[in-house]
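Taking it in order: structure first as structure tokens, then the write-up.
The values are calculated or read from the model by the stated rules, or taken from the named source; none is laboratory data. Remember, predicted model here, so these are calculated numbers, not experimental data. Positions of Cβ are backbone-derived with ideal geometry, glycine not excepted, and every protein chain shown enters the neighbour counts. These accessible areas exclude ligands, DNA and RNA; they are computed on the full protein's heavy atoms, side chains included. Shrake-Rupley method; radii C 1.70, N 1.55, O 1.52, S 1.80 Å.
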Amino acid sequence: MSDQTAVLGLIDIASHSRAWGFLRYILGKSPFQHTPGLQFCKVLGSGYNGGFSTKPSLTKQGFFCVFDSADNAAQFEETSSILKAYQDHAHEFFLASVQAYSSRGSWSGFSMSCADPTPPINAPIASLTRASIRPSKARQFWAKAKPAEDAITLAAGKILTAGVGEAPYFRQATFTIWDSAQSLEQYAQQGAHLSAIKAAYGQDYFSESMFTRFRVMKAQGTWQGKHVQIS
């Protein structure tokens, strides 16, 4: 049985390390190359203040790596020089290890594997929603996105939320952690978020998309001033 494991990092680059942080975008995924078991990697920017916004942040960024096994993901967390460098240059640093239990779609042609499709009961879960927005649909998309982001700030059961992406405006993603699958469903199936999803599918906003839900194996760190620890 596959135990494919993803590692997501969120970093707020320290003020004295902004040049180093900007270099991450130039180097892209090259510092992650030759990592044992690495199947997929994206270096990400973030919206203003770490949210989902058309205005990019100058300091907040992240990465999303997928490994073929939990052992290789753990080895990356324990020994990776690029991970240590991120920590050394960070004002805030957050890291989560997750395993998919539900996924549809793809990201740059890559699709997540799901070994066990059963949602965890009364345990934290994570959600990753990413999309390549059609330029002709960008204005309509962002008109729907802002109310959905406003709604998530008030959602019950939300532990963490981050807006990330490969490129401003057109290639966006949202990563969230919830105290249970029930809390996520309650947010996703009502109000502004439901309206946004219906519009996105009904009006063909995306040229590619991936919607994945994960078991949270462990998560620790600080993001947007909030400390999170799950183990």
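Under the convention that each Lys and Arg Cβ holds +1 and each Asp and Glu Cβ holds -1, the size of the dipole of the range 1-138 around its Cα centre is about 840 debye.
Calculated over the range 46-123, the projected area of the Cα convex hull averaged across directions stands at 7.4 nm². Over all pairs of different C-alpha atoms in the range 8-67, the reciprocal of the mean inverse distance, the Kirkwood hydrodynamic radius, equals 12.2 Å. Taking the 1.4 Å solvent-accessible surface of the chain as the whole, the part contributed by carbon and sulfur is 52%. Karplus-derived 3J(HN,Hα) values for the range 153-161, using 6.51 cos²θ - 1.76 cosθ + 1.60 with θ = phi - 60°, are 5, 9, 5, 6, x, 6, 9, 8, 9 Hz; glycine and proline are entered as x. Lys-Lys pairs in the range 38-152 that are eight or more residues apart or on separate chains and whose Cα atoms lie under 17 Å of each other come to 5. Think of a 1.4 Å ball rolled over the protein heavy atoms: the chain then has 47 Å² of accessible area per residue.
Potential lengthening of the chain between Tyr25 and Leu154 amounts to 43.2 nm, from the contour at 0.36 nm per residue minus the alpha-carbon distance. Within the chain, the proportion of C-alpha pairs whose separation exceeds 23 Å stands at 46%.
Compared with the direct C-alpha span, the chain from Asp71 to Gln186 gains 38.0 nm at full extension, assuming 0.36 nm per residue.
Summing charges over all other residues whose Cβ lies under 10 Å from the Cβ of Leu38, with Lys and Arg as +1 and Asp and Glu as -1, gives 0.
Of the listed residues His16, His89, the order by accessible area with a 1.4 Å probe, largest first, is His16, His89. Label reach from Ser15 (point 7 Å along Cα→C-beta): in the range 56-74, amide nitrogens under 14 Å belong to 59.
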